[in-house]
Structure formats: C-alpha cells, structure tokens
Amino acid sequence: MTTLSAELTERSVEQLAGDAAPRDIFDELSKRAVRRALLTAIAVPGYQVPFSSREMPVARGWGSGGLQATLALIGADDNVKVIDQGEDAGVNATNLRRLIVGNAGCGEETETGLADVIQSRHRIPEEPLKDGQTLVLQVPVPEPLRGVVGSMDEQRRMHAEGDYAKMWVRLYEDIVRNGVVSHSADYPCLVNGRYVIAPSPIPRFDVPKLNDSEALVVLSAGREKRIYAIPPHTRVEPLTFEDVPFTVEHTEGAACVFCGSDDTYLIGVPEEDGTTRWVCSDTDWCSRHRPDDDTETETEGEVSR
Amino acid sequence: MSLTLHERAQYAGAPLASPAPAPAWTLSVRGLGKIYGDTSEESIAGTGPEFGTAVSPNTGAIVAAWGVDLDVAPGEALGVIGESGSGKSTVLRCIAGDEPATAGEMLFTDHGGSTERLDQLSPTERRRMRISDISVVYQDPALGLTMDVSAGGNVADPLTAAGWRNFGRIRSRATELLQRTEVPIARMDHPVKAFSGGMKQRVQIAKSLANDPSLLLLDEPTTGLDASVAAGVLDLMRGLLEETNVAAIVVSHDFSVIEMLTTRVIVMQHGRVVEAGLTDQLLEDPQHPYSQQLVAAARG
Ligand SMILES: [Zn+2]
C-alpha cells in the first residue's frame, strides 16, 4: 500500500461512512443467494440473472451491485483491488475497498497481478488478468436493448429468441448518421454466440480484453438487480458489420506524460495553453512503469481528479 | 342465383371444400375460426349471416371468424372483402400469426417447396416465419414500421433478422427496394415519422419485400389515403404482384381495391364466407345479397 492511498482511505471513510465499516453489512445468507445467482450466470454466459439486490451502505448506482458480488466471492485469504475509472485512490474506490475489507477481513491490494478479486467501475486494468482472478464490473444499466425497445417483455422475448435485429438496425442507423458506430462506451457484445450484453461503460479500448479472458468476469447491477458473467475463455464479440471494422480509441502521437506509454488507455487533460496532456487512466499500472519509480508518488495525487 | 356456394366456387375454379393438392398452393386454409371469449361449441350456434350477428346469444362470445376456407397460389392474389366486423382482418391476423386461431388448419408451402402447418407452430416459430416467408403490410404504418428509424433502417430490419451482416450490401439492397417502391432515395436516411401516409406505405411495401417472401398479406393497404395517393400505391402494388411470384392476400372493404389487385375473391359477413369466385365475375354478377350490396356500394 502506498502511504497516499492509506491516508486517503482514512480520510474518505471518515467523511463518507462515519466510523469503522460495520462487519454485518452483508450477511452469509445474502452472500449465498448471490452465489446461487452467480452459478446460473456462469452456466449461461451473458444471461442476466435476477437477484434480490440488498440495500448497501452505498447508494444504488454507486457500486452496490459490484459490492454484493465481491462480498459473495471474496474470502479472508484473498486480496481485493478496487478501482474507479482506473484509479485506486478515488473516494468511491476507497470507500468500497474499506467496506469490503471490513466485512470480509481480506487483504487490500493495488497491484493488479497480486489481487484475487478486482472490483472496477468503467475500466479493465492494463495488465492482462490471469487464471484464478475475478473481475467484478459495476453495471449501471445491464439491459443492452434498453433504448432499442421500450417494453421489458419485448426485451426478454428478444433475448429468449436471440432476436437482435433491432439492435443491428440501431448500429446501421448509427453508421448512417455518424459514419461510425458511435457507442464510445458500453459497446454491445455477443457472448458465446448467444446473448447480447452491455459490458458496462468500459471504453471500446477494453472490449477486446473480454474475449477469451483468463479471468472470470462478473457484471453486477445493484439498482437493476441483475447479475451476469463471462466465464474464462468465452468468446466475446462486439457487434460489428463485416465491412465496418470495430476500432478502439487511439490518438495518434499521444503518450502518457508520466510513463511514456502510448499503448494504454489515455485520458486527455486540457492545458491552459490549449494543448492536451495525456495520462494513463490506470494509475497503478502507470506508477509501476515510470522510468524512476520512487520519486513519482506525489505526482500521482495530482493525476487523480 | 340457383347455384349453391359450393357449385359456384367450383364453377369459378376455386376449389373450396375438396382438399387441395398441397404443392399447388402457397397457402391452403381449412375451417379457420377465431372466437373471442368462450371457445366451446356452444358459442357457434346463433351466429353468422343468417342470424345477423357474430355475437353468441348463448355465451356472449364473439365468433369473429368461423369455417373459413381459402387457397392462394404462387403469383396469384386473393381478395377478402367485407365491412368492418366481417372477420376479414381477423382471418389475416390469424394467417400472419399476430394472433392464434381458435380452430382450423393452415398449410403453408414456401418458394422452395417445403411445407409447414402454420397452426401447429409455436409463437417463436411463427415469428421466425415472418422474417422471410410471410410479410404483412398493415393499414396503420405504425404496426409495420419503427417510426423513429429511417426508411433504410426499416428495410434493414428484416435483412439483419435474416442474418445480413454486411453494411454495404444491406444499404444497396435497401436502396434497390426503396427505388422499386418509388421512395426518393434522397430521403432514405430520414425517419419515417416525417413521411406522408402514402410514402409510409411505400416504405412498408419495400420492407415487406426485403427477403422475397412467399406470401404477402395486405391489410387495407390504401385505406385512409387520399384517392390520388391511394391510386399511386395501388398501381405500384399491382406492378409488384405482376412481376414477382409472390402469393398475396388482399383484405379490403373496398371493391375497387379488390378489383385492381386480385383475380379471385371471397366475401365475408359476420365471420363467415358468404360467397367466393373470380373477382370480375363476382363484380359483374354477385349472387349473395350481401355481395350485391357491396358491389352496388362500389358502383354507386
Ligand atoms: Zn502512464
């Protein structure tokens, strides 16, 4: 643990959650209910399994679904890493990590390779995930057909019959209007050739990481009470026309000002002089790939908003 | 006037009661019935033209259609005429699979010669038939089109449903179909909700032809359009029916539509078929009093 993130942890938990996190925020019976839903989700890749999402000490939509999945999965011997938009040190990530450690008695970790469970909002870490690891993605809107058809009955029918014509029409319309498929995040993907999913608002850059992943990926929506999964080595294909290739975000010539990487997911920070400063979104990865590692801890604080 | 319904049908070359040789017809329907409410036998008695009602005096059920036989062959158009409440649209919805029939057999044979009993398919299988085998053009374009999607996107819908995954090919097929139905290509990327009634029907027709269906069902396709607009759409449909090998069923209350598009016709009243025959003969010499009334109205 860096001293910075430890300090931040202390401060933000005091501000947001009051005293030390209660151990009983999620009881064993509730964990079992989530595990049962998870087993179904893993057995039927991409299928949204309803679960009895509980009230958690975070607002729904702020990772309550991810938190329940993580607590159901993690044991005292495991290490948890929590990131928000790639950052371990953010207030929400810190609060969630504190709640998880308090409840499960597990260790905390920022280094991707050493974490057993990684809970994340809107990013997949740069370092490739390994066999035995689990990525828990926080999902605000689990239904990829929302916005395509209004009726929930019709959405369910379409999934049941694998009838995704209206989704393809939407992609067609997108190309006609914008020249490209404009989904920048939450790009619809076909899992195991069967179910179309919303991969949560990860950037297109992260979508290829879902295909044939070594790690188990769990997607959990607390507000919508839906959990779904991508088991290791599952085919995940972004919906793409044969003649309009799927592309990931990339800015020619952009490189991280700290570590120099030009092949990571970079965030553009507008400067006063009108130029853009590029920095890695994955702050832990960035801090481990700098030329001289030990002098950079202070700068890391500045990167986070 | 002395011919029975059966005799007249045979005279007109439209075998009704005799079982049709399966491969000759695209669609062969026998004894089709649809009852809303109590579906027991009790509901049938006391309904039909001779009683002047489709509502059962015994059960209060609505016998919207009963004992309907019809056949339609490739390249042929069959008319179904009757006033509102006659059961003609119910028959069409049962054939389309928009609602399940209460009774009857529906034998469907596609271009390739493979045959299905439509009445025995699951709702999922019925919907699958609607992708490329059976198309419907509705009176209300909102039933056949997605209003906030462009004309091209609406035509792309059945193509993507049939597995088309090449944007360029989808686009050129949509362009070709919209050209064929005389929708200005300059407007193909505009949402159809901005289109006039006649133009919406042309987009619906383009969409219905996307996957070369074997059976095309037209439900009052020009009702509600201005006369001059309707005439244009009818002209278009007549041309399309002539140049393709599609079997069509045209449902209308308007004999001028039936006259323009079909060669054979059945007349429905209170849920029953009261007369069947060749369209021009039936128009010239209607036998059933109800048919005479409809013809008189059209000629008036
Ligand atoms: Zn970096």
Rough spin-label spacing in nm, given labels placed 7 Å along Cα→Cβ, for residue A:54 and residue B:166: 5.5 nm
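Rounded to the nearest 0.05, what FRET efficiency do residue B:36 and residue A:152 give with R0 = 35 Å and r taken as the Cβ-Cβ distance? Could you check?
Numbers: r = 26 Å, r/R0 = 0.76.
Using R0 = 35 Å, I get an efficiency of 0.85.
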One finds the C-alpha centres of segment A:37-100 and segment B:39-84 to be spaced, in Å, by 59 Å
Whenever you get a sec, compute what percent of the accessible area on chain A sits on carbon and sulfur atoms (1.4 Å probe). 49 percent
Zone of residue B:51's modelled label, taken as backbone nitrogen in segment B:235-272 under 17 Å from a point 7 Å along Cα→Cβ: B:269-272
Phi-based couplings in Hz for segment A:263-278 (Karplus 6.51, -1.76, 1.60; Gly and Pro marked x): 10, 10, 7, 9, 10, x, 10, x, 9, 5, 7, x, 7, 10, 9, 9
Taking amide H positions as placed in the peptide plane 1.01 Å from N, state which residues far from residue B:104 in sequence (5 or more) or on other chains have amide H under 5 Å from it. B:33
Using label points projected 7 Å from each Cα along Cα→Cβ, tell me how many nm separate residue A:77 and residue B:228, to one decimal. 8.5 nm
In Å, descending, principal axis extents of the Cα set of chain B: 59, 44, 36
By the scheme Lys and Arg +1, Asp and Glu -1, what is the net charge of all other residues having a beta-carbon under 13 Å from that of residue B:244? -2
Give me the accessible area of residue A:153, 1.4 Å probe, in Å² rounded to the nearest 10. 110 Å²
Report the FRET efficiency, 1/(1 + (r/R0)^6), for residue A:271 and residue A:184, where r is their Cβ-Cβ distance and R0 is 25 Å, rounded to 0.05. 0.65
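Per-residue Cβ counts within 10 Å, from other chains only, averaged over A:237-249: what number is that? Intermediate results must be reported in sequence, preceding the final value.
Numbers: counts 0, 0, 1, 2, 9, 6, 7, 4, 0, 0, 0, 0, 0.
Per-residue shielding by partner chains comes out at 2.
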From the phi angles alone, apply the Karplus equation (6.51, -1.76, 1.60; θ = phi - 60°) to segment A:183-188 and give each ³J(HN,Hα) in whole Hz, x where the residue is Gly or Pro. 3, 8, 10, 6, 5, x
Going by Cα centres, segment A:122-185 and segment A:217-287 are how many Å apart? 16 Å
Sort B:99-107, A:271-279, B:116-124, B:78-86 by the packing proxy (mean of other Cβ within 10 Å over each peptide's residues), most packed first. B:78-86, B:99-107, B:116-124, A:271-279
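Roughly how crowded by other chains is peptide B:125-132, in terms of the mean Cβ count from those chains within 10 Å of each of its Cβ atoms?
Numbers: counts 1, 0, 3, 2, 0, 0, 2, 0.
Neighbouring Cβ atoms belonging to other protein chains average 1 per residue here.
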Dividing the mean separation of Cα pairs under 8 Å (6+ apart) by the residue count of segment A:74-123 yields a relative contact order in percent of 54 percent
Return the average number of partner chain Cβ atoms within 10 angstrom of each residue Cβ along peptide A:169-179. 6
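Given the rule -39500 (n - 2.57) for each run of at least 4 DSSP H residues, summed and divided by the residues of chain A, what is its mean residue ellipticity at 222 nm, to the nearest 500 deg cm²/dmol? Provide the component values of the computation, followed by the final result.
Details: 8 runs with 92 residues, N = 305.
Estimated from H runs of four or more residues: -9500 deg cm²/dmol.
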Lysine pairs in the protein assembly as shown 8 or more apart or on different chains: how many have alpha carbons under 16 angstrom apart? 6
Which far-off residues, 5 or more places away or on another chain, put their amide H under 5 Å from the one on residue B:246, with H placed in the peptide plane? B:75
Rg and Dmax of segment B:163-211, Cα atoms only, in Å: 10.7, 31
Chain B: calculated mean residue ellipticity at 222 nm from DSSP helix runs of at least 4, using -39500 (n - 2.57): -10500 deg cm²/dmol
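For residue B:299 and residue B:242, what is the calculated FRET efficiency with R₀ set at 25 Å and r taken between the beta-carbons, to the nearest 0.05?
Details: r = 25 Å, r/R0 = 1.01.
Efficiency computed from Cβ-Cβ geometry: 0.50.
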For residue A:136, the residues 5 or more places away or on another chain with a placed amide H closer than 5 Å to its own amide H are A:118, A:119, A:120, A:218
Specify the angular offset, from 0 to 90 degrees and rounded to the nearest 10, of the alpha carbon long axis of helix B:167-180 from the longest principal axis of the alpha carbons in chain B. 50 degrees
Apply the a/c threshold of 1.5 to the C-alpha gyration tensor of segment A:51-196 and tell me whether it is rounded, prolate or oblate. prolate
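With a cut-off of 8 Å between alpha carbons and a minimum separation of six or more residues, what is the relative contact order of segment B:187-297 in percent? Walk me through the numbers before you get to the answer.
Working: 100 pairs, mean separation 20.6, N = 111.
Over segment B:187-297, the number comes to 19 percent.
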Rounded to whole Hz, the Karplus (6.51, -1.76, 1.60) HN-Hα couplings of segment B:223-228, x for glycine and proline: 5, x, 8, 4, 3, 5
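The values are calculated or read from the model by the stated rules, or taken from the named source; none is laboratory data. This one's a predicted model, so the numbers in the text were calculated from it and none came from an experiment. Virtual Cβ from ideal backbone geometry, glycine too; neighbours counted across all protein chains shown. With ligands, DNA and RNA removed, areas are computed over all heavy atoms of the protein, side chains included. Shrake-Rupley method; radii C 1.70, N 1.55, O 1.52, S 1.80 Å.
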